Ligand SMILES: [Zn+2]
């Protein structure tokens, strides 16, 4: 492998480390979270290889904000779910420890 291409860009969603192709503004997961109206506005103002217009940047910002909002709503549901998973895992670990202690 001889060096990585400089044409890679990162997904524009907040804190997303996923790399996507230069034509993509966001990774497919995040892009699917952008409301269709904003997606349409974004495409309408997108001019490949040209300097972004104000309207394009505004659509981009709106897309980023929409994803952030969606993620924070999902985040609170997710953290409740993770909490339950953690408790279940701890219970399982304790029961394994007990089983091991009983065998010894
Ligand atoms: Zn992403």
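Just so you know, all these numbers are worked out from the coordinates, no wet-lab data involved. These numbers come from a predicted model, not from an experiment.
Relative to the dominant Cα principal axis of the chain, helix 54-103 is inclined by about 10°. In percent, rounded to a whole number, the relative contact order of the chain is 19, using alpha-carbon pairs under 8 Å and six or more apart. Nearest 10 degrees, 0 to 90: what angle lies between the long axis of helix 36-45 and the longest principal axis of the chain (Cα atoms)? It works out to around 40 degrees.
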